1. Taking the residues in region B:172-182 that are touching a residue at least 60 places away in the same chain (Cβ under 8 Å) and more than 7 Å from every other protein chain (Cβ to nearest Cβ) as candidates, determine which candidate is surrounded by the fewest Cβ atoms within 10 Å (Cβ to Cβ).
2. Looking at C:Gly74, is it within 18 Å of C:Leu28 (Cβ to Cβ) and either in a helix (DSSP H, G or I) or at pLDDT 85 or above (or both)?
3. Only one of C:Gly165, C:Gly198 is in a helix (DSSP H, G or I), of a type outside the set (Asp, Glu), touching a helix residue (DSSP H, G or I) at 6+ places or on another chain (Cβ under 6 Å) and in contact (Cβ under 8 Å) with a residue 40 or more places away in the chain; which?
4. Let me confirm something: among B:Asp202, B:Asp238, which residue is at negative phi, free of Cβ contacts under 8 Å to residues at least 12 places away in the same chain and charged (D, E, K, R)?
5. Inside region A:77-103, can you point out the residues that are in a helix (DSSP H, G or I), without any contact (Cβ under 8 Å) to a residue 60 or more places away in the chain and more than 7 Å from chain B (Cβ to nearest Cβ)?
6. Return the only residue of C:Gly69, C:Gly115, C:Gly74, C:Gly150 being surrounded by fewer than 13 Cβ atoms within 10 Å (Cβ to Cβ) and away from every other protein chain (no Cβ under 14 Å).
Amino acid sequence: MTTPLLQIRDLTMRFGGLTAVDKLSFNVERGVIHGLIGPNGAGKTTTFNAISGFYKPTSGDIILRDESIAGLQMHEVAHRGLVRTFQHSTLFAEMTVMENVLVGTHMEFPPSIWNALSRQDAHDRSGAEAKAMEALDFFGLTGFVDTLAGELPHGHQRALGMAVALACRPDIMLLDEPFTGMNPEETKRMMTLMQKLREAGLTLLLVEHDMHAIMGLCDNITCMSFGKLLAEGSPQEIRNHPDVIEAYLGGARHVA
Amino acid sequence: MRKSIIWLVCVAALAALPHLLSFSQQEILVVLVINILLVVSYRLMTLTGEWSLGHVVIMGVGAYTSALLTKNLGMYVPVSMILGSLMAAFVAFLLSFPLFRMKGFYFLIGSFASAEIIRLLWKRFRDPFGGPKGLKLIDGLPDINIGPIHIDFFEPTHYYYFAVIVVAACLWILWRIERSLLGLTFHAVHWQDKLAQASGVDVRRFRTLAFVLASGFAGVSGALLTHYIGTINPNTFDVELMVFVLTWAIVGGTATFYGPILGCVALTVLNEIVLREMGFEQARPLIYGVVMIASILFLPNGLESLVKRGVAAWQGRTGGAGAKEKTP
Amino acid sequence: MLELLVQTGLNALYSASYISLVAVGLVLIFGVMGIVNFAHGELFMVGAYVVVALYSQNEVPFVLTVAIGLIFVGCIGLLMERTMFRPLRDNPLGGLVASIGFLMILQALASMTFGVRMAFVPPVTQDVIEFTDKIRLPVQRLYVIIAAFGFLTALWLFLTRTRFGWALRASAQDPEAASLQGISITQTARIAMFIGAGLAGVAGALTAPLISVNPHMGHSVIIAAFIVVIVGGVGSLEGAVVASAAYAIVHTFVTTFYDGVLADITGLLLMLIVLIIKPTGLFGTADRA
């Protein structure tokens, strides 16, 4: 048995008196699509932010391969092969689609003053553009190279966000509610793309509120409630897990 | 081919320019060239999204350093200028530690406070900074005599050529940086620092880099100024000049490389040539203020947006494709 | 030594009085409109020149000139709101730059009308209260202290006891919520601008006989006010008053025992340290800009 790609151990996040995540532990295996689900306010997004370096965990550990990444900043985490996307369409709206993805190639072609002033820049740029085109091609965005990102249709903006992440050549990609606001057809297309990413060897961890949306997609699912681990297993196991049903129904009752 | 002809014409125009002007206008021209470097370097800093109110004092660091090195150590002027620029960059590097804990309005005020402290230190310490009276009799560039060629840098025209060459070299470097992947990273940090960071960009490092680079070039402009005017004091680098730099950048627009240059040239011509010739000496700050407010209200994207519109209209008329306007 | 301390304390009380009037206005404008008014020091200057024009040159009674200063500068505030800050409501940087432009206009107008040299303002009273040989308080300074106390109390009453005051405080928290109460954003902005500018004008008018009146006098006042606003916490009126006292004490003592430039440096360092450890100020809660 190989070690998991990502291990979350006793992760705790406290804000003032509020404990958003409480001693959460789970593993993400290599080459799978792993879903992190739970009712609203379960602490999914907080967990996600702690893993990606957006927050510093109060306690606990996050281990990528065999190295602790807890408390590292986002760019340091990215350099170790874990890249995240953001909810909604967080993009460089004022830059072109190509320029957006070029930012994603930052780690592979690190810019410096010396490169900028020498011939190295032209060399780097053509290399970076080739890599960027690969990522754009994957998401079917090659027709929009010179369009401003802010002017893209909504569905394409979501894809562009993932293209930027893909251009970072991560081992594991964290997707924050990737299906929110998508119509069924867009959702279906996005799922196909995710499966393609998995086939290409990537590991995906996605946070989703709507558990039904990702049942057919995920290999493993971790379900959270009130900051704690509720259940984990295959989609079938989760679907029939009494605690999960209770949590979602309870949540629904609560809302109603 | 056509490009090189345009360049040749530009060089010829720059070379001929001082000979078309009066002596006092030549002196203004030298300062204008130096100010262009100042405002373009300021724009580099704004590329990452932070607006500083300390840029002019950083320029002063370059000026004071270069002046003191020549005065006290008898250093060769071009060398002292380079060291002055490095000192300005170094001071900016030190300031970046406290300042980049702040953002937006707080950064603005923080940069103002730290700059004002530096300026007050010049005022407080007579030794070595000369106190409120500043430094006088600063060496100029040494004369150059090669056979029949005799260059005396006290002559504004000669210093103008020197300044143009130095500033052009600096602008070329700044232009290359802007167009490179480095410049792209600066833009990325400005527009969406979280996404940039998630893509592996060390945001803090690139903010600092832009600040240090911009300050280094501000230092060059300070050194160029000090060896030209020969006397500097804390008030040479006061808030008023900072306000002018801000105005040039805003009136010109900061979305393009040429925007701030446009603003600087247009306002200097308005200020020095038109208003001075017309005898509105006292009303100059008034008109500056009015222009500033008017441009913020009615031309929020600066003079550069007029140029863009003009180019688009011209391309449209001549049937050229790609007349698409890119909003900044 | 004790006498020197008490005397310096009295001097500090006087500085704190007029600085807090300026700073409170700055906070009010920033809180309600989200705009950093760089021209605030020049509003103080205009207030002083109202005294020069009416009291020194035309012998209008001093109390009346102070009242006129309040209204005149308050109206300048309304003018600024209408011409610059209202159209630039969604552009805080633009508002800031426009206020710098306005600063230059006011300075130029002052030097064109009154000249760049220091203007003479005869003292209102020469009386001095002598507590002991070395502890003396000129009555003119006492007026400033009393007036500042009065105006700050009135402002506090206005903000806590009236509907408009309540709307002002609400819109500093959340402009939308305030407009739900039937008081429009424009209305609150107008009130904030009038009061903020008016207080700066009053401060300038009151201190005109005591300090050197010139077109550039706003510079040091605005720096002091910025320090106070940052240390007191952006958006906190109480903080601004407390910080005014703290700043005045530090500044007056360093000036008395060392020198003025060092006092300025100390004040700025104080602000920088506050910015470094807590970018929203010591008392502040507001998080804007």
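1. Step by step, filter region B:172-182, then rank; the result is B:Trp175.
2. yes
3. So the residue among C:Gly165, C:Gly198 that is in a helix (DSSP H, G or I), of a type outside the set (Asp, Glu), touching a helix residue (DSSP H, G or I) at 6+ places or on another chain (Cβ under 6 Å) and in contact (Cβ under 8 Å) with a residue 40 or more places away in the chain is C:Gly198.
4. Details: B:Asp238 fails: free of Cβ contacts under 8 Å to residues at least 12 places away in the same chain.
When all the criteria are applied, what remains is B:Asp202.
5. Scanning region A:77-103 gives A:Val77, A:Met98.
6. The match here is C:Gly150.
Yes/no per residue for (1) within 14 Å of another protein chain (Cβ to nearest Cβ); (2) in contact (Cβ under 8 Å) with a residue 24 or more places away in the chain; (3) not β-branched (Val, Ile, Thr):
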| site | (1), (2), (3) |
| --- | --- |
| C:Thr188 | no, yes, no |
| C:His219 | yes, yes, yes |
| C:Gly232 | yes, yes, yes |
| C:Thr255 | yes, no, no |
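Yes or no, residue by residue, for (1) outside the structural domain of B:Ala67 (by TED's automatic domain parsing); (2) touching a residue at least 60 places away in the same chain (Cβ under 8 Å); (3) in a helix (DSSP H, G or I):
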position: B:Ala214; (1), (2), (3): no, yes, yes
position: B:Ala223; (1), (2), (3): no, yes, yes
position: B:Val245; (1), (2), (3): yes, yes, yes
position: B:Thr254; (1), (2), (3): yes, yes, no
position: B:Cys264; (1), (2), (3): yes, yes, yes
position: B:Thr268; (1), (2), (3): yes, yes, yes
position: B:Tyr288; (1), (2), (3): yes, no, yes
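The values are calculated or read from the model by the stated rules, or taken from the named source; none is laboratory data. What you see is a predicted model; the values in this text were computed from it and never measured. FYI the Cβ positions are ideal-geometry reconstructions off the backbone, even for glycines, and counts take in every protein chain you see.
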